[in-house]
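Data block below; observations after.
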Amino acid sequence: MSPQQTVAEAAPEVRLSGIGKRFPGVVANHDVDVLIRPGTVHALVGENGAGKSTLMKILYGVQKPDDGTIEIGGEARRFSSPSDAISVGIGMVFQHFMLADNLTALENVVLGAEKLHGIRGAARREFEAISERYGFGLRPDVLVEKLGVADRQRLEILKVLYRGAKVIILDEPTAVLVPQEVEALFRNLSDLRAHGHSLLFISHKLDEVLAIADDITIMRRGTTVGTAVPAETTKRELAELMVGSELPSPGTGESTVTDVVQLRLEGLGLEEDGRAVLSGIDLTIHRGEVLGLAGVEGNGQAELVETIMGMRKATAGRIVLGTEDITGWTTRERRESGIGYIPEDRHRHGLLLDSPLWENRILGHQGERPNSRGPWIDREGARSDTRAIVEEFDVRTPGIDTAARALSGGNQQKLIIGRELRGEPVLLIAAHPTRGVDVGAQAAIWGHLSAARAAGLAVLLISADLDELIGLSDRIDVILRGRLVGEFDPSEVTPRDLGAAMTGGDQ
Ligand SMILES: Nc1ncnc2c1ncn2[C@@H]1O[C@H](COP(=O)(O)OP(=O)(O)OP(=O)(O)O)[C@@H](O)[C@H]1O
Ligand SMILES: [Mg+2]
């Protein structure tokens with residue numbers, strides 16, 4: 001099958017019937033029925049742990065179902081690996097991109113696709129043809145490390161198209177994008193649909209689902225509980241079907257800002273490999289205040305967070321926590337002096353995926369109660385506190401001895417937030433605290449944050465969800481190319497204004 005031929009064909013119908021999948025202590029999927037009509041965008045919604053990712057991994061051959069059938073174009077199929085799924089035109093883009101930074105876009109696309117070994121010229125032409133056809137604007141020779149997150153995502157899509165995918169699964173693709181980038185992605189998805197592809201789209205953002213989907217399947221507690229079409233449903237109705245509750249909106253209520261400065265950055269700079277990553281950052285956060293930081297990914301916010309946490313060493317300026325200059329302190333010393341940290345990449349920095357939940361409770365908090373008594377780890381203290389977190393933050397898990405890896409994405413996030421807030425920090429550095437959590441859990445996390453703020457917590461909030469940023473912040477600073485370029489009053493600014501400031505007004 002040459003790639004030229006595959007693009008002309010329409011997507012096959014995909015029918016999942018009676019799918020079941022059990023893990024130790026958990027029924028991830030049972031009696032799941034989904035029909036994906038050719039050439040449609042099919043959204044899958046449901047609360048955290050409802051079984052969406054598991055179902056998609058089954059369709060992509062990563063997981064084997066215990067029950068049920070998969071029919072592709074009317075033919076029953078059994079997949080024992082992704083290559084079986086790929087061979088019948090199913091592709092998947094994961095949330096954690098799998099690109100090699102030090103290779104070019106073209107090399108990444110060809111990597112692992114055996115069909116075109118030795119015919120580089122053809123591969124390049126095919127790359128360019130796909131990029132052109134769907135308006136991706138990707139150049140084959142660009143180094144992946146130079147690409148922003150939206151382009152990386154397009155490259156992942158190009159990669160699966162190159163392998164002949166007709167049905168493309170996107171698991172929470174918009175969680176990492178700003179509104180302008182979401183619009184661009186949706187234009188790409190519409191073009192793909194117009195060319196006969198089917199797209200499976202998972203998102204917790206119901207506005208997006210209503211904007212792009214032709215069909216919506218709703219999952220709850222492992223099974224499909226209904227289908228809907230955007231013209232005949234509302235966000236509220238979807239939220240009720242998903243989680244059985246009404247739609248929350250972010251808000252912290254009355255100002256609790258005090259005049260006690262909790263964090264002060266003075267002329268903070270970071271130079272790496274001769275390049276200025278952060279320059280002249282001055283900011284203060286008071287007790288009881290949430291300072292929002294808006295920025296397109298890659299403009300220094302991740303480095304700023306890591307510099308405050310001591311994972312990178314500032315090359316200029318000072319970091320003052322309360323009255324203490326902590327610029328030279330280790331990460332551990334900073335954490336022990338009361339800085340809570342919700343990292344952007346929960347897999348790399350937030351969790352030990354193969355360790356049980358209760359050991360994850362201790363991570364980063366080794367020297368604190370209830371995890372330790374004197375120099376010793378207090379196993380019982382940590383275990384009972386983990387149970388309390390699971391309860392209070394509604395972490396859906398068979399128990400505290402379950403490995404973190406076995407939790408759904410949103411439940412991993414809830415565990416981290418619970419751990420960081422339980423330590424009663426004086427300052428919380430929160431990067432995308434509700435990324436990947438469902439609307440019910442989102443409301444709960446907002447509630448926890450605003451209660452902690454009212455009790456005097458200072459928060460640096462980074463979020464790609466601009467409604468959240470506006471709803472929770474007392475002030476919003478914009479970061480662009482490593483500098484703070486403007487400050488906004490959340491009661492006056494719109495997501496669109498912020499988006500414009502974040503891109504330097506060029507979009
Ligand atoms: N490899 C695994 N081992 C054990 N349990 C698992 C595994 N993968 C998923 N589960 C469990 O299956 C259930 C469904 O998880 P899944 O990841 O499919 O949820 P989801 O709908 O994608 O949720 P989210 O919106 O949080 O991403 C959860 O209870 C989860 O803990
Ligand atoms: Mg998931």
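The values are calculated or read from the model by the stated rules, or taken from the named source; none is laboratory data. Keep in mind that what you see is a predicted model, and the values were worked out from it rather than measured. For neighbour counting, all protein chains shown are included, and Cβ atoms are generated from backbone atoms with ideal geometry for every residue, glycine included. The accessibility values were calculated without ligands, DNA or RNA, using every heavy atom of the protein model including side chains. Shrake-Rupley method; radii C 1.70, N 1.55, O 1.52, S 1.80 Å.
Which order do the peptides 156-162, 386-392 come out in when sorted by mean C-beta neighbours inside 10 angstrom, highest first? Numbers along the way, then the final one.
Details: 156-162: 23.9, 386-392: 18.0.
The most tightly packed comes first, giving 156-162, 386-392.
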Exercise. Using unit Cβ charges (K, R positive; D, E negative) and no other charged atoms, how large, in debye to the nearest 20, is the dipole of the range 345-424 about its Cα centre?
Worked result: 120
Seminar exercise, completed: Counting only DSSP beta bridges fully inside the chain, the antiparallel percentage to nearest 5 is 55
Exercise. Could you give the dipole magnitude of the range 317-451 about its Cα centre, charging the beta-carbon of Lys and Arg +1 and that of Asp and Glu -1, in debye to the nearest 20?
Worked result: 180
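How much net charge surrounds A403 when only the other residues with a Cβ under 12 Å from the Cβ of A403 are counted, with Lys and Arg +1 and Asp and Glu -1? Don't skip to the end; give the middle numbers.
Working: positive: R405; negative: D354, E359, D401.
Here the charged neighbours net out to -2.
Just from its helices, what would the mean residue ellipticity at 222 nm be for the chain, if runs of 4 or more DSSP H residues each count -39500 (n - 2.57) and the sum is divided by every residue, rounded to the nearest 500 deg cm²/dmol? Please list the in-between numbers first.
On the way: 17 runs with 165 residues, N = 507.
Calculated from helices alone, the mean residue ellipticity at 222 nm is -9500 deg cm²/dmol.
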Exercise. Measuring from a point 7 Å past the Cα of A211 along Cα-to-C-beta, which residues in the range 226-263 have an amide N at less than 19 Å?
Worked result: 229-239, 248-250
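Arrange the peptides 84-97, 218-231 so that the one whose residues have, on average, the most other Cβ atoms within 10 Å appears first.
Values: 84-97: 19.4, 218-231: 17.1.
The densest-packed peptide leads the list: 84-97, 218-231.
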For this session: Using the structure shown, select from K52/K166; K64/K146; K159/K313; K159/K205 the pairs with a Cα to Cα distance greater than 28 angstrom.
Result: K64/K146; K159/K313
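Please report the carbon-and-sulfur percent of the accessible area for the range 379-475; probe 1.4 Å, protein heavy atoms only, DNA, RNA and ligands left out.
Working: 1430 of 2960 Å².
For the range 379-475, the apolar C and S fraction of the accessible surface comes to 48 percent.
Report the net charge of residues surrounding D84, where surrounding means a beta-carbon distance below 9 angstrom and charges are Lys +1, Arg +1, Asp -1, Glu -1. Mind showing how you got there, number by number?
Numbers: positive: R77, R78; negative: none.
Counting the neighbours of D84, the net charge comes to +2.
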For this session: Give a quick list of GluC sites (Glu not before Pro) in the range 437-507 that DSSP marks as loop, anything other than H, G, I, E or B, with at most 15 other Cβ atoms within 10 Å.
Result: E492
For this session: Take the Cα pairs of the chain, get the Kirkwood Rh, then feed it into Stokes-Einstein at 25 °C and 0.890 mPa s and tell me D in µm²/s.
Result: 102
Exercise. Using the per-residue mean of other Cβ atoms lying within 10 Å as a proxy for protection, in what order, highest first, do the peptides 402-413, 358-369 fall?
Worked result: 402-413, 358-369
Problem set entry | Selection of GluC sites (Glu not before Pro), the range 217-251, meeting DSSP coil and at most 15 other Cβ within 10 Å | E246
